[in-house]
Amino acid sequence: MKTDCLFCRIVTGEIPATVVRETDTTLAFRDINPKAPVHVLVIPKEHYVDVATLAQADPKLAGEVLETAANVAEHEGLLVDGFRLMFNTGEYGGQEVPHAHAHVLGGAPLGPMLA
Ligand code: 5GP
Ligand code: ZN
């Protein structure tokens, strides 16, 4: 837990969020500014600055984030038509919140990735 981290504060409940799924090690909640009809963020409860740091330090936990993302996609009805699973990483990757998170986006055609 990093006290000045927005997503760590969502994990503790200090900042409210619409949680859609929770496991012992991961949390999924709706993005506050959705970019698609379904836009859910999936995070490890433990603080890692980005997905590269997470995957190298704890690949099992990184896999659990993917598993929760897949379960969210299934629960939100995204498996048939497809969806986008995305980790913005660092400055050039457009990452704004420095706590590793997957974006699960779907519910409509999303177009080319960099459009
Ligand atoms: P990034 O650009 O770091 O990959 O994505 C950060 C995401 O977090 C953005 O899509 C943004 O809308 C979302 N976000 C920022 N602040 C909050 C918040 O307080 N609550 C929730 N649920 N989402 C947030
Ligand atoms: Zn954090």
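Of all residues in segment 1-17, those that are more than 13 Å from Asp31 (Cα to Cα) have Cβ atoms under 7 Å from Cβ atoms of residues that are among the hydroxyl-bearing types (Ser, Thr, Tyr) and more than 9 Å from ligand 2 (Cβ to nearest atom), 6 or more apart or on another chain, in Met1/Thr12. Against the numbered list (1) within 15 Å of His103 (Cβ to Cβ); (2) within 13 Å of ligand 2 (Cβ to nearest atom), Arg30 comes up short only at (2). Any chance segment 63-78 includes a residue that's within 16 Å of ligand 2 (Cβ to nearest atom), surrounded by fewer than 16 Cβ atoms within 10 Å (Cβ to Cβ) and either without any contact (Cβ under 8 Å) to a residue 40 or more places away in the chain or within 21 Å of Ala17 (Cβ to Cβ) (or both)? No, segment 63-78 contains no residue that is within 16 Å of ligand 2 (Cβ to nearest atom), surrounded by fewer than 16 Cβ atoms within 10 Å (Cβ to Cβ) and either without any contact (Cβ under 8 Å) to a residue 40 or more places away in the chain or within 21 Å of Ala17 (Cβ to Cβ) (or both). If you go through segment 1-43 and keep only what is of a type in the set (Lys, Arg) and farther than 30 Å from Pro109 by Cβ, you end up with Lys2, Arg9. Filter segment 87-104 down to the residues that are among the hydrophobic types (A, V, I, L, M, F, W, C) and touching a Leu at 6+ places or on another chain (Cβ under 8 Å), then identify the one that is farthest from ligand 2 (Cβ to nearest atom). Applying the filter and picking the extreme gives Val104. Being loosely packed, with under 11 Cβ neighbours inside 10 Å, modelled with pLDDT of 95 or more and either under 20 Å from Phe7 (Cα atoms) or more than 15 Å from ligand 1 (Cβ to nearest atom) (or both) is true of Asp24.
Only one residue in Lys2, Lys35, Lys45, Lys60 is surrounded by fewer than 16 Cβ atoms within 10 Å (Cβ to Cβ), within 16 Å of ligand 2 (Cβ to nearest atom) and among the basic types (Lys, Arg). Which one?
Details: Lys35 fails: within 16 Å of ligand 2 (Cβ to nearest atom); Lys45 fails: surrounded by fewer than 16 Cβ atoms within 10 Å (Cβ to Cβ); Lys60 fails: within 16 Å of ligand 2 (Cβ to nearest atom).
One residue alone meets the criteria, Lys2.
Looking only at segment 80-105, which residues are of a type in the set (D, E, K, R) and surrounded by 15 or more Cβ atoms within 10 Å (Cβ to Cβ)? Residue satisfying the conditions is Arg84 alone. Taking segment 33-54 as the range and being away from ligand 1 (no atom under 14 Å from the Cβ), under 17 Å from Met86 (Cβ atoms) and under 14 Å from the mean Cα position of the chain (by Cα) as the test, only Pro44 passes.
The values are calculated or read from the model by the stated rules, or taken from the named source; none is laboratory data. Quantities reported herein were computed from a predicted structural model and do not represent experimental measurements. With ideal geometry, Cβ positions are generated from the backbone for all residues, glycine too; neighbour counts draw on all protein chains shown.
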